[in-house]
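These notes concern the structure reproduced below.
The values are calculated or read from the model by the stated rules, or taken from the named source; none is laboratory data. The shown structure was predicted, so the numbers you read here are calculated from the model rather than taken from an experiment. Cβ atoms come from the backbone with ideal geometry, glycine included; neighbour counts cover every protein chain shown. Remember, those area values only see protein heavy atoms, side chains included, never the ligands or the DNA or RNA. Shrake-Rupley method; radii C 1.70, N 1.55, O 1.52, S 1.80 Å.
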Amino acid sequence: MAIPAGSNMTQGIIDRSALLHTAGEDHELGIELLEIFVRTFAQDIETLATAIQADDIQGARHILHRLKGSLQILGVHHVAVRIDRISESLYAPIAVEQARSLKDLFEYFQAIMDDATSILDAGTL
């Protein structure tokens, strides 16, 4: 997985200040939003995988749009931009280059989930 220039992996992928801003600077609310994110993000990723396997391009685009919104709340804008590019280029049947892009995207999703879980385990933003 190629991490974009300017990313600082020692601080994780999620922009904690963006999450806090969304939560109105309320740390407890920020943690609660992150818990909701983890639950819904995991479900959305499974739904996306199912749509892709079925060549359901409209379904995949819908889920990608949902995921993009969630990631923007967390300040993960570079992945949101990547989602836009992939979503616009999807067509059935899914071609090899699309499959590679989706595989990279799923690797980002895993890294984001790992970061979210790490934040929740620490209990603080």
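Just a few scattered comments:
- The stretch 82-125: chymotrypsin sites (Phe, Trp or Tyr not before Pro) in DSSP loop, at most 14 other beta carbons within 10 Å: Tyr91
- For the stretch 16-122, the solvent-accessible area of protein heavy atoms averages 54 Å² per residue (probe radius 1.4 Å; ligands and nucleic acids excluded).
- For the stretch 16-122, the relative contact order is 27 percent, taking Cα pairs closer than 8 Å that sit 6 or more residues apart in sequence and dividing their mean separation by the residue count.
- Of Glu35, Glu97, Glu46, the residue with the greatest mean-square motion in the GNM of the chain, using alpha carbon springs below 10 Å, is Glu97.
- With respect to the chain, whose longest principal axis is taken over its alpha-carbon atoms, helix 57-73 is tilted by about 20°.
- Computed label-point distance, nm, for sites Arg39 and Phe106 using a 7 Å Cα→Cβ extension: 2.5 nm
- Sequence of Asp44, Asp55, Asp114 from largest to smallest accessible area, 1.4 Å probe: Asp114, Asp55, Asp44
- Exposure of Arg100 as accessible area (Å², to 10), given a probe of 1.4 Å and all protein chains: 150 Å²
- Surface share of carbon and sulfur [accessible, 1.4 angstrom probe, percent] for the chain: 52 percent
- For the stretch 103-125 versus the stretch 64-101, the spacing of their alpha-carbon centroids is 17 Å.
- Fully extended contour minus Cα-Cα distance, from Asp84 to Gln58, at 0.36 nm per residue: 8.0 nm
- Additional length obtainable on full extension of the chain from Thr117 to Thr50, 0.36 nm per residue less Cα span: 21.8 nm
- Among (1) 13, 46, 30, 11, 1; (2) 13, 44, 33, 9, 1; (3) 13, 37, 31, 15, 4, 0, the entry derived from the coordinates for P(r) over Cα pairs in 10 Å bins from 0, in percent: (1)
- Solvent-accessible area of His65 with every protein chain in place, 1.4 Å probe, in Å² to the nearest 10: 130 Å²
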